[in-house]
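Participant: Dropping a structure here in structure tokens format, bear with me for questions.
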Amino acid sequence: MSKTKINVGTIWLDGCSGCHMSFLDMDERIVELSQYLNIIYSPYVDAKEIPANIDLFIVEGAISTDHDLEIIQKIRDNSKKILALGDCAITGNISAMKNLAGTEISLEKGYFELADLNKGKYPNKVVPKLLDKVIPLNEAISVDYFVPGCPTPADAIYAVLKGLIDGVEVDTSKYTRFGL
Amino acid sequence: MKETIVISPVTRIEGHAKITIDLNEKKEVDQARIHVTQFRGFEKLCEGRPYTEMPALTARTCGICPVSHAIASSKACDNLLAVRPPKAGRNLRRIINLAQIVQSHALNFYHLSSPDFVFGFDANPEDRNIFKLMQTNPEMAKDGINLRAFGQKIIETLGGKRIHPTWIVPGGVSHEISKETKDAILAQIPEAMDIAQKSLKFFVSNLHKFEKEIKSFGNFPSLFMALVSKKGKLEHYDGLLRFVDSEGKIVEDKIDPKDYKDYIGEAVEEDSFLKSPYFKPYGYEKGMYRVGPLARLNVADKCGTSLADEEFERFKNLNNGKPILQTFYYHYARLIEIIYAIERIEELLNEKETLNPQIRAYAQINRNQGVGCSEAPRGTLFHDYKVNNDGIITGVNLIIATGNNNLAMNAGVTQVAKTFVDGNNIKEGALNRVEAVIRCFDPCLSCSTHAQGVYSSIVEIRDHNKELIESIKRG
């Protein structure tokens with residue numbers, strides 16, 4: 001990628017938003033990067049639909065609902081490159097821990113056993129349908145870059161974005177690892 | 001058949017949700033609701049883990065307030081061990097908790113909400129964000145970044161990392177603080193306080209522009225709940241629970257958080273993964289209460305630090321000393337709390353005892369149930385654990401700060417939608433205001449985006465059972 005502004009999208013799926021917070025933890029370096037990046041879709045901006053022609057889409061979190069599946073496909077269709085940010089996007093991590101018990105049993109725990117008032121069902125209207133199993137991004141789509149960490153440290157995000165802007169390959173192991 | 005306007009995803013909040021606005025046959029707003037669209041299942045997935053893992057594991061509930069979860073979790077574990085951490089350990093936990101309140105409040109005010117105050121609620125949606133602010137008001141954007149960084153750097157210095165630090169542990173904290181670290185943090189205080197005061201000045205001087213919003217952004221009576229100190233002061237780490245009503249009458253006081261179940265019930269609604277807690281003695285939904293910065297200032301008798309108390313007095317004068325009911329003023333309360341937190345961090349660092357290397361109590365499991373409660377940036381947080389004698393978790397109940405506000409958030413979006421949204425002529429700025437009331441509550445939903453759609457471009461037709469009949473895309 002060249003030094004002309006690149007169009008960037010960011011999203012968090014099933015995760016804790018920690019990787020997005022790490023993005024903000026670049027502090028004043030965000031001001032520097034924003035000269036080269038156009039953030040056109042993100043929780044930080046008011047776009048409501050996945051735009052066409054995204055150069056780089058940064059995805060935090062695993063896939064756990066039918067809507068996650070739908071939206072990740074749309075992101076793949078509209079983006080040149082996809083970056084899986086953090087361990088949940090790459091392996092499922094904490095988000096996939098509920099696979100051990102299963103979706104149904106986890107729902108029963110939360111909405112029947114641990115509730116004082118329940119009209120007889122767990123949430124199933126308007127909200128998306130949970131998949132039987134939480135999966136990482138690359139089980140649903142092809143992914144171009146993987147940057148691990150729980151969360152991915154700000155220095156790693158900065159190095160990678162800088163590398164993509166300058167067209168230089170970055171060894172992420174200098175900045176992060178799984179579980180960090 | 002009813003039509004429904006869908007706002008999805010709700011943006012510039014910490015987490016993802018959608019809002020539906022139901023219109024009647026005349027296309028007037030009937031009601032609006034916020035739907036939280038993610039389910040994480042922590043209450044199940046923690047079962048079978050050793051209790052020692054809980055602070056670090058439950059911190060992963062949320063990347064914005066991991067410290068709050070680690071604090072509530074460690075306090076629950078303290079109770080399992082039947083220990084009270086030494087004074088230095090408690091002070092250090094308080095400091096990191098306050099640092100998180102500063103960073104989280106700065107995030108809400110600057111990164112997420114300030115574009116509405118600077119550019120206006122009707123501004124071009126493409127401009128309403130922090131990146132635009134960096135271009136048009138670089139000083140202000142920098143202030144926001146620096147104030148948030150002040151809190152995050154304290155967390156990093158003490159906890160080892162900014163997000164998901166593992167320093168807060170059962171019995172206390174894992175490492176003591178050196179004099180050099182203490183001095184380094186103290187050196188940052190004047191700049192942080194300067195920004196905090198500037199922020200408050202900016203906000204107060206702009207209030208006159210938002211009279212209609214102040215009147216309609218969730219302006220209604222409700223109960224308020226928060227922890228207060230034994231002397232009734234503002235409190236974020238320890239203390240006892242207090243409920244006040246909208247007239248300022250204390251309804252319940254000095255409740256030990258371990259008895260929370262006697263006062264708080266949790267209801268399940270079919271259209272949101274977020275449960276709706278309510279004040280049990282009043283029943284569902286009459287028992288609606290609010291938590292967070294506004295509630296804390298409404299519930300406390302005073303802050304207990306000098307600069308914050310000056311502002312607290314001015315704030316209380318908004319309603320002659322009675323509780324402030326307008327949700328818009330959550331922002332105001334948040335800014336006062338930032339000032340308080342900075343003052344308290346300074347006080348605590350200057351306490352001699354804070355440098356004492358005795359920071360942690362060690363013990364085995366001495367109880368099979370433990371409750372931990374603290375004030376997260378967004379409100380009161382409960383962690384309730386059951387363990388067997390080997391320390392393996394057998395049951396977990398969590399009441400997340402934001403959940404406490406669920407009933408009030410629904411009442412708030414309904415009120416603002418009725419004031420601003422006209423079903424025959426849907427304006428983007430009106431829908432931004434519906435989202436903005438949610439930003440006042442600063443919910444931490446830690447959730448995912450699920451439904452695509454543009455503001456007002458999706459109208460859903462549903463039958464009376466809320467089953468979707470048709471979804472129409474408008475121009």
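The values are calculated or read from the model by the stated rules, or taken from the named source; none is laboratory data. Just so it is clear, the structure is predicted and the values come from calculations on it, not from any experiment. We place every Cβ from the backbone using ideal geometry, glycine too, and count neighbours over all the protein chains shown. Accessible surface is based on the protein model in full, side chains and every heavy atom, while ligands, DNA and RNA are left aside. Shrake-Rupley method; radii C 1.70, N 1.55, O 1.52, S 1.80 Å.
Participant: Pairs under 7 Å by beta carbon, first residue within 12 Å of B:MET225 (Cα to Cα) in the range B:250-267, partner outside any strand (DSSP E or B) and open to solvent by less than 60 Å² (accessible area, probe 1.4 Å), six or more apart or different chains?
Facilitator: B:VAL251/B:ASP245; B:GLU252/B:TYR263; B:ILE255/B:TYR263
Participant: Looking at B:THR157, B:THR166, which one is open to solvent by 10 Å² or more (accessible area, probe 1.4 Å) and part of a loop (DSSP other than H, G, I, E, B)?
Facilitator: B:THR166
Participant: Can you name every residue in the range B:230-262 that is more than 20 Å from the chain's Cα centre (by Cα) and within 14 Å of chain A (Cβ to nearest Cβ)?
Facilitator: Those that are more than 20 Å from the chain's Cα centre (by Cα) and within 14 Å of chain A (Cβ to nearest Cβ): B:LYS261, B:ASP262.
Participant: Could you list all residues from the range A:7-18 that are more than 7 Å from chain B (Cβ to nearest Cβ) and open to solvent by 10 Å² or more (accessible area, probe 1.4 Å)?
Facilitator: Matches in the range A:7-18: A:ASN7 only.
Participant: What number of residues in the range B:18-47 are within 8 Å of chain A (Cβ to nearest Cβ), farther than 17 Å from B:SER272 by Cβ and in a loop (DSSP other than H, G, I, E, B)?
Facilitator: Result for the range B:18-47: 1.
Participant: Check whether at least one residue in the range B:194-204 is away from chain A (no Cβ under 14 Å), part of a helix (DSSP H, G or I) and among the β-branched types (Val, Ile, Thr), and report yes or no.
Facilitator: Within the range B:194-204 (the criterion being away from chain A (no Cβ under 14 Å), part of a helix (DSSP H, G or I) and among the β-branched types (Val, Ile, Thr)), the answer is yes, since at least one residue qualifies.
Participant: Which condition does B:LEU80 not pass, out of (1) in contact with a Lys or Arg (Cβ under 7 Å, 6 or more places away or on another chain); (2) in a strand (DSSP E or B); (3) hydrophobic (A, V, I, L, M, F, W, C), if it passes all the others?
Facilitator: (2)
Participant: Here's a follow-up. What number of residues in the range A:14-67 are touching a residue at least 60 places away in the same chain (Cβ under 8 Å) and of a type in the set (Ser, Thr, Tyr)?
Facilitator: Final tally of qualifying residues: 4.
Participant: Quick one: count up the residues across the range B:312-367 that are open to solvent by less than 10 Å² (accessible area, probe 1.4 Å), under 19 Å from the mean Cα position of the chain (by Cα) and within 17 Å of B:ILE189 (Cα to Cα).
Facilitator: 7
Participant: Being open to solvent by 10 Å² or more (accessible area, probe 1.4 Å), touching a His at 6+ places or on another chain (Cβ under 8 Å) and not assigned by the TED database to the domain that holds B:ILE189 narrows it down to one residue among B:LYS26, B:LYS44, B:LYS18; which is it?
Facilitator: The conditions single out B:LYS18.
Conditions (1) in the same structural domain as B:GLY172 (by the TED database); (2) more than 24 Å from the chain's Cα centre (by Cα), marked per residue:
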| site | (1), (2) |
| --- | --- |
| B:CYS77 | no, no |
| B:ASN97 | yes, no |
| B:TYR110 | yes, no |
| B:LYS132 | yes, yes |
| B:GLN135 | yes, yes |
| B:ILE145 | yes, no |
| B:LYS153 | yes, no |
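Participant: I'd like the residue in the range A:23-43 that is among the aromatic types (Phe, Trp, Tyr) and touching a helix residue (DSSP H, G or I) at 6+ places or on another chain (Cβ under 6 Å) and, out of all such residues, is nearest to the other protein chains (Cβ to nearest Cβ).
Facilitator: Out of the qualifying residues, it is A:PHE23.
Participant: Another question, if that's okay. When you scan the range B:333-343, do you find a residue that is assigned to a loop (DSSP other than H, G, I, E, B) and either assigned by the TED database to the domain that holds B:LEU98 or within 22 Å of B:TRP167 (Cβ to Cβ) (or both), even just one?
Facilitator: No, the range B:333-343 contains no residue that is assigned to a loop (DSSP other than H, G, I, E, B) and either assigned by the TED database to the domain that holds B:LEU98 or within 22 Å of B:TRP167 (Cβ to Cβ) (or both).
Participant: Return yes when A:GLY86 is more than 22 Å from the chain's Cα centre (by Cα), facing chain B (nearest Cβ under 10 Å) and among the small types (Gly, Ala, Ser) and no when it is not.
Facilitator: Answer is no for this residue.
Participant: Somewhere in the range A:113-129, is a residue within 10 Å of chain B (Cβ to nearest Cβ), assigned to a helix (DSSP H, G or I) and either touching a helix residue (DSSP H, G or I) at 6+ places or on another chain (Cβ under 6 Å) or not aliphatic (A, V, I, L, M) (or both)?
Facilitator: Yes.
Participant: Follow-up. Taking the condition surrounded by fewer than 18 Cβ atoms within 10 Å (Cβ to Cβ) and free of Cβ contacts under 8 Å to residues at least 24 places away in the same chain, does B:GLU191 pass?
Facilitator: In short, no.
Participant: Being touching a residue at least 12 places away in the same chain (Cβ under 8 Å) and either within 14 Å of chain A (Cβ to nearest Cβ) or outside any strand (DSSP E or B) (or both) is true for just one of B:LEU274, B:LEU227. Which residue is that?
Facilitator: Residue meeting the stated conditions: B:LEU274.
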